[in-house]
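Chemist: Take this structure, written in structure tokens, and hold onto it; I'll ask about it next.
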Amino acid sequence: MDKVYDVIILGSGPAGLTAAIYTTRAALKTLVIAGEKWGGQLMLTTEVDNFPGFPEGIQGPDLMQNMRKQAERFGAEFVDVNFKPSEFKTSPFTVEAGEKSYQAKAVIIATGADTKWLDVPGEKEKIGRGVSSCAPCDAPFFRNKSVIVVGGGDTAMEEALVLSRFATNVFLVHRKASFRASQAMQDRVFATKNIHQIYNTTIEEVLGEQKVEKVKLKTNPSDKSLLQKSVEEIDKVAAPLLPHKTLAVEGESIIWEASIDGIFVAIGHIPNTSVFKNIEIDDKGFVKIQDHYKTNVEGVFVSGDVHDMQYMQAVTAAGFGCAAALEAEKWIESKKS
């Protein structure tokens, strides 16, 4: 530990890299602890069509590489290792990463949030090839196609409504007999003619050679005595909108297969906050904001999906990164007087 940085940035997605661009341009010595798998969720994305400045779109990994090069051009230093659980007390703060310790006057937390996936066979391999977690990002790719949205909360409703403007048919698949979303959101969904509901059903497997082509589902009727009626209901709801066939009736479950063009997973996100010992988080695990991108610890700031559970877009994360960097710069300057 031969020097104290002005700023250490934890995370290397759009929020962290944008923050690094701003801190280095402000002549602040900046270290980005990027992690072994740097770049955030955009490294798993193929075409990005909604980030300003790329009229023909850009591949997610290419966008992140460009942002990193830009930060490096202005002097940001990077270590591609994971940092260890940290307790931030007073400035200068110490962060351990790999086998080394680093110190900085200020810290920006930009560790993001991971999509909660279904964890079923065929899903992981088809992320970016028909499997998505972001309708605002990918809905235009499914124009005049049929898609499934998995989930029952407000996020799933929002995803379905966005997709309904592009896809021919949207099927909301939920594992329970009713949605947990707010009534206002449910009313909007029920009033949208090309959104269809399939209850008591889970995704068991994602099928297809190079992309999503079919999906295997399991329906568990709430009333087991209505098993045969449920088979008939599936046929009624799905046909002819969702080409399918019943594979088997196993015990109290119906196993069936349907042709589909895309699957949008909307069952939640897991914010990467478990490594912070004394940073306040809310009941859903996101960092609590204490007035304009500040945490409860003076000198520790936050940006991006790790605190933003509402938008979760690359461009908003970048904006948050900019704001956090400006706040950190202002705070560091205030300590000089």
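Chemist: By how many degrees, 0 to 90 and rounded to 10, does the Cα axis of helix 14-25 deviate from the longest principal axis of the chain?
Modeler: It is inclined by approximately 20 degrees.
Chemist: In addition: Calculated from DSSP H runs of 4 or more alone, at -39500 (n - 2.57) each and per residue, what is the 222 nm mean residue ellipticity of the chain, nearest 500?
Modeler: After summing the helix terms and dividing by the residues of the chain, the value is -7500 deg cm²/dmol.
Chemist: Right, something else. Dipole of segment 124-265 (Lys/Arg Cβ +1, Asp/Glu Cβ -1, origin at the Cα centre): which of 259, 196, 140 lies farthest to the positive side?
Modeler: Farthest towards the positive pole: 140.
Chemist: Let me ask you something else. Using a 10 Å cut-off around each Cβ, can you sort 261, 114 from fewest to most neighbouring Cβ atoms?
Modeler: 114, 261
Chemist: What does DSSP give for the chain in terms of the percent of beta bridges that are antiparallel, rounded to the nearest 5?
Modeler: 50
Chemist: Just to be sure I understand: of the beta bridges DSSP finds with both ends in segment 124-265, what percent are antiparallel, rounded to 5?
Modeler: Close to 55 percent.
Chemist: Assign one of three labels to segment 50-167, namely rounded, prolate or oblate, based on the Cα gyration tensor with a ≥ b ≥ c the square roots of its eigenvalues; rounded applies when a/c is under 1.5, prolate when it is not and a/b is larger than b/c, and oblate otherwise.
Modeler: Since a/c reaches 1.5 and a/b is larger than b/c, the shape of segment 50-167 is classed as prolate.
Chemist: Can you tally the net charge around residue 333? Count Lys and Arg as +1, Asp and Glu as -1, for every other residue whose Cβ sits under 13 Å from the Cβ of residue 333.
Modeler: +1
Chemist: Also, quick follow-up: Label residue 129 and residue 37 with points 7 Å out from Cα along Cα→Cβ: what is the distance between them in nm?
Modeler: Once both label points are built, they end up 1.7 nm from each other.
Chemist: Note down the relative contact order for the chain as a percent, whole number, built from C-alpha pairs under 8 angstrom at least six residues apart.
Modeler: Value for the chain: 22 percent.
Chemist: With +1 on each Lys and Arg Cβ and -1 on each Asp and Glu Cβ, how big is the dipole of the chain about its Cα centre, in debye rounded to the nearest 20?
Modeler: Roughly 320 debye, rounded to the nearest 20.
Chemist: With charges set only on the Cβ (+1 for Lys and Arg, -1 for Asp and Glu), what does the dipole of segment 57-180 come to about its Cα centre, in debye to the nearest 20?
Modeler: Roughly 300 debye, rounded to the nearest 20.
Chemist: Fewest first, what order do 107, 265 take by the number of other Cβ atoms within 10 Å?
Modeler: 265, 107
Chemist: Can you compute the modelled spin-label distance between residue 274 and residue 290, with each label point 7 Å from Cα toward Cβ, in nm?
Modeler: 2.5
Chemist: Let me ask something additional. Can you put 331, 38, 117 in order of Cβ neighbours within 10 angstrom, beginning with the fewest?
Modeler: 117, 331, 38
Chemist: Nearest 0.05, what FRET efficiency do residue 192 and residue 248 give at R0 = 41 Å with Cβ-Cβ as r?
Modeler: Between residue 192 and residue 248 the formula returns 0.80.
Chemist: Can you give the FRET efficiency for residue 143 and residue 182, using 1/(1 + (r/R0)^6), R0 = 25 Å, r = Cβ-Cβ distance, to the nearest 0.05?
Modeler: 0.35
Chemist: Still on this structure, I have one more. For the chain, report the translational diffusion coefficient in µm²/s to the nearest whole number, using Stokes-Einstein at 10 °C, 1.306 mPa s, and a Kirkwood Rh over Cα pairs.
Modeler: The diffusion coefficient I find is 74 µm²/s.
Chemist: Also: Among 76, 258, 318, which one shows the highest mean-square fluctuation when the chain is modelled as a Gaussian network with alpha-carbon springs under 10 Å?
Modeler: Highest fluctuation of the listed residues: 258.
Chemist: Identify the trypsin sites (Lys or Arg not before Pro) of segment 272-322 meeting these criteria: DSSP loop state and at most 12 other C-beta atoms within 10 Å of the C-beta.
Modeler: 277, 284
Chemist: Continuing with the same structure: Along Cα→Cβ, 7 Å out, is where each label goes; now give me the distance between the ones at residue 80 and residue 210 in nm to one decimal.
Modeler: 2.8
Chemist: Charges at C-beta only: +1 for Lys and Arg, -1 for Asp and Glu. How large is the resulting dipole of segment 124-265 about its Cα centre, in Debye rounded to 20?
Modeler: That gives a dipole near 220 debye.
None of the figures in this text is laboratory data; all of them are computed from the coordinates on show. Note that the structure is predicted; figures quoted are calculated from it, not measured. Note: ideal-geometry Cβ built from the backbone for every residue, glycine included; neighbour counts use all protein chains shown.
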